[in-house]
């Protein structure tokens, strides 16, 4: 009781309005600054360290200042096109993205369909799962000679490498999602007599959707990893070949600029698929 | 006795288990009756409910509803699951709408289905939350939607599997009152699994007490002779209520004490 009585008396009702108005307003800029300042600081430290380490006479790699000076055109104008392979980075990235888009789209469709089959049919699972478990460990580039031999052309071979690299996580995650539809949902479906295609569309697919999007997200990351390596070997327009070409002409600064772009595009791809997943699963992925 | 729902010589034995979970369960339930099944955990209460629901096949014996033997699940025996089991990707309205579309809605127009879903939502006082997803509402609200979904199928029997077990005491009391109101208004036959003695006495016409499992069976059936509508405040000191409560407690704790507890 004493503890309660020592509390200050509540303010009269008419006082509460001006008091509330004087409360400090939470700033909208502070949280933005809090998330922007640390990476900017770390980046500055990293660039400084790099500049210092790469400035000595024995340094084998160019420092950031030299990269900026050497590749000024490349950094500031990604859209130039002087014919042949002498194009801005935008065109190289666009060519690579086109291959990834095609290969990944085929992998997405084939992977989801196969995953649904494996998830629903125990026979298909027992038959296909061991084969897939072996095939998925084959490194992407190991498929390239075979696909070149089969397609006899660079473009479809590169797309096939993208497909074969990204299809496994999509298949496996889809199958796991379908097999893990909670018994609760199955019971609900049984009580309301939801069967066949209706059961599949209304219960299985939405319940497996978060798993499917996890598979797609891993798949797009692997696609982007594979395309750069594949393009180094097949040539033509593409960011992978651009890196290889720059290496052959000892243009180290261009390689560094290209790698930064590769990283940024890969990051953007991952975020786009994650966002698509959040929209498609309507926020239930966490539930 | 009216044999609306007739459970006869029902035994359930799971594969790879030497002893049956339930043995020779006999129980007749009349139309409109509210029956609670009570027993210690592990006595097979939920198993019994799952057999009535048709989610689990009996090993021997069977269940007959209105002269027809139960063979698989169906909307005439709607279940309210303990963990509500709402589909998280659908809103409250859509969860009920799916059940309506699949069951009673087949003979209705679109407008009639909509009206029926809204009426069921109003019955559990959830109209304002109709466009929320399950993750956005409280546990008590989820369970109200679960009850509404079950009622929307116009079931012959409403099966409640420890429907209020996961709720706090105040929410539970509130929902119990609502279920009593609905039972009075609709006259639905209800079978409720519970481990709460007060809840069983307050809500039911009869309390079925199961002996300890495995090999559990009906130990005793208590008729609760309290007039309806029942009021939890008025009943708290009512001698008939107290007597019924004592009888159930005596069965559970004196004659059939929890084996896990007595072993400890």
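If a residue has to be closer than 14 Å to residue B:80 by Cβ, in a helix (DSSP H, G or I) and within 14 Å of another protein chain (Cβ to nearest Cβ) to count, how many in segment B:135-169 make the cut?
Residues in segment B:135-169 being closer than 14 Å to residue B:80 by Cβ, in a helix (DSSP H, G or I) and within 14 Å of another protein chain (Cβ to nearest Cβ): 11 in total.
From A:213, A:123, A:132, A:199, grab the single residue that is within 14 Å of another protein chain (Cβ to nearest Cβ) and farther than 30 Å from residue B:80 by Cα.
Sole residue among the options that is within 14 Å of another protein chain (Cβ to nearest Cβ) and farther than 30 Å from residue B:80 by Cα: A:213.
Six or more apart or on different chains, Cβ atoms under 7 Å: show the pairs whose first residue is in segment A:255-281 and free of Cβ contacts under 8 Å to residues at least 24 places away in the same chain and whose second is part of a helix (DSSP H, G or I) and surrounded by fewer than 18 Cβ atoms within 10 Å (Cβ to Cβ).
Going by the 7 Å Cβ cut-off, the qualifying pairs are A:255/A:247.
Considering only segment B:6-30, state which residues are part of a loop (DSSP other than H, G, I, E, B) and surrounded by 14 or more Cβ atoms within 10 Å (Cβ to Cβ).
If the condition is that a residue be part of a loop (DSSP other than H, G, I, E, B) and surrounded by 14 or more Cβ atoms within 10 Å (Cβ to Cβ), then B:13, B:20, B:21, B:30 are the ones that fit.
Taking the criterion of being in contact with a helix residue (DSSP H, G or I) (Cβ under 8 Å, 6 or more places away or on another chain), crowded, with 20+ Cβ neighbours inside 10 Å and assigned to a loop (DSSP other than H, G, I, E, B), would at least one residue in segment B:105-121 satisfy it?
Looking through segment B:105-121, none of the residues is in contact with a helix residue (DSSP H, G or I) (Cβ under 8 Å, 6 or more places away or on another chain), crowded, with 20+ Cβ neighbours inside 10 Å and assigned to a loop (DSSP other than H, G, I, E, B).
Quick check on segment B:40-67: of everything there that is away from chain A (no Cβ under 12 Å) and part of a helix (DSSP H, G or I), which residue is surrounded by the fewest Cβ atoms within 10 Å (Cβ to Cβ)?
The qualifying residue surrounded by the fewest Cβ atoms within 10 Å (Cβ to Cβ) is B:47.
Residue A:85 - would you say it is touching a residue at least 24 places away in the same chain (Cβ under 8 Å) and under 26 Å from the mean Cα position of the chain (by Cα)?
Judged against the criteria, residue A:85 is not a match.
What residue, among those in segment B:68-84 that are modelled with pLDDT under 90 and more than 8 Å from chain A (Cβ to nearest Cβ), is farthest from residue A:185 (Cα to Cα)?
Among those that are modelled with pLDDT under 90 and more than 8 Å from chain A (Cβ to nearest Cβ), it is B:82.
Return yes when residue B:36 is away from chain A (no Cβ under 12 Å), modelled with pLDDT of 90 or more, under 30 Å from residue B:199 (Cα atoms) and touching a helix residue (DSSP H, G or I) at 6+ places or on another chain (Cβ under 7 Å) and no when it is not.
It is true that residue B:36 is away from chain A (no Cβ under 12 Å), modelled with pLDDT of 90 or more, under 30 Å from residue B:199 (Cα atoms) and touching a helix residue (DSSP H, G or I) at 6+ places or on another chain (Cβ under 7 Å).
Determine if segment A:231-244 includes at least one residue that is farther than 19 Å from residue A:144 by Cβ and in a helix (DSSP H, G or I).
No: segment A:231-244 contains no residue that is farther than 19 Å from residue A:144 by Cβ and in a helix (DSSP H, G or I).
Of (1) under 22 Å from the mean Cα position of the chain (by Cα); (2) in a helix (DSSP H, G or I); (3) more than 9 Å from chain A (Cβ to nearest Cβ), residue B:93 satisfies all except one. Which?
That leaves (1) as the condition not met.
Name the residue, out of A:102, A:135, that is modelled with pLDDT of 95 or more and within 30 Å of residue A:236 (Cβ to Cβ).
Going through A:102, A:135 in turn, the sole match is A:102.
Condition check: at pLDDT 95 or above, within 14 Å of chain A (Cβ to nearest Cβ) and on the phi < 0 side of the Ramachandran plot. Does residue B:106 satisfy that?
no
Looking at this structure, is residue B:181 surrounded by fewer than 17 Cβ atoms within 10 Å (Cβ to Cβ), under 26 Å from residue B:94 (Cα atoms), modelled with pLDDT of 90 or more and within 14 Å of another protein chain (Cβ to nearest Cβ)?
no
For residues that are under 26 Å from residue B:102 (Cα atoms) and in contact with a strand residue (DSSP E or B) (Cβ under 8 Å, 6 or more places away or on another chain), tally how many sit in segment B:165-190.
Residues flagged as under 26 Å from residue B:102 (Cα atoms) and in contact with a strand residue (DSSP E or B) (Cβ under 8 Å, 6 or more places away or on another chain) within segment B:165-190 amount to 5.
Which one of these does residue A:79 not meet: (1) surrounded by fewer than 17 Cβ atoms within 10 Å (Cβ to Cβ); (2) in a helix (DSSP H, G or I)?
With (1) surrounded by fewer than 17 Cβ atoms within 10 Å (Cβ to Cβ); (2) in a helix (DSSP H, G or I) applied to residue A:79, the lone miss is (2).
Give the residues of segment A:222-241 that are at pLDDT 90 or above and either surrounded by fewer than 17 Cβ atoms within 10 Å (Cβ to Cβ) or within 13 Å of another protein chain (Cβ to nearest Cβ) (or both), sorted by residue number.
A:225
For segment A:154-196, name all the residues that are over 28 Å from the mean Cα position of the chain (by Cα) and either more than 14 Å from chain B (Cβ to nearest Cβ) or part of a helix (DSSP H, G or I) (or both).
A:183, A:184, A:185, A:186, A:187, A:188, A:189, A:190, A:191, A:196, listed by residue number.
Would you check if residue B:213 is on the phi > 0 side of the Ramachandran plot and over 12 Å from the mean Cα position of the chain (by Cα)?
Taking the combined requirement at face value, the residue does not satisfy it.
Could you check segment B:170-209 and list, in sequence order, the residues that are closer than 19 Å to residue B:252 by Cα and part of a helix (DSSP H, G or I)?
Result: B:197, B:198, B:199, B:200, B:201, B:202, B:203.
The values are calculated or read from the model by the stated rules, or taken from the named source; none is laboratory data. Predicted model only: the values in this text are computed from it and were never measured. Reconstructed Cβ throughout: ideal geometry from the backbone, glycine too, with neighbour counts over all protein chains shown.
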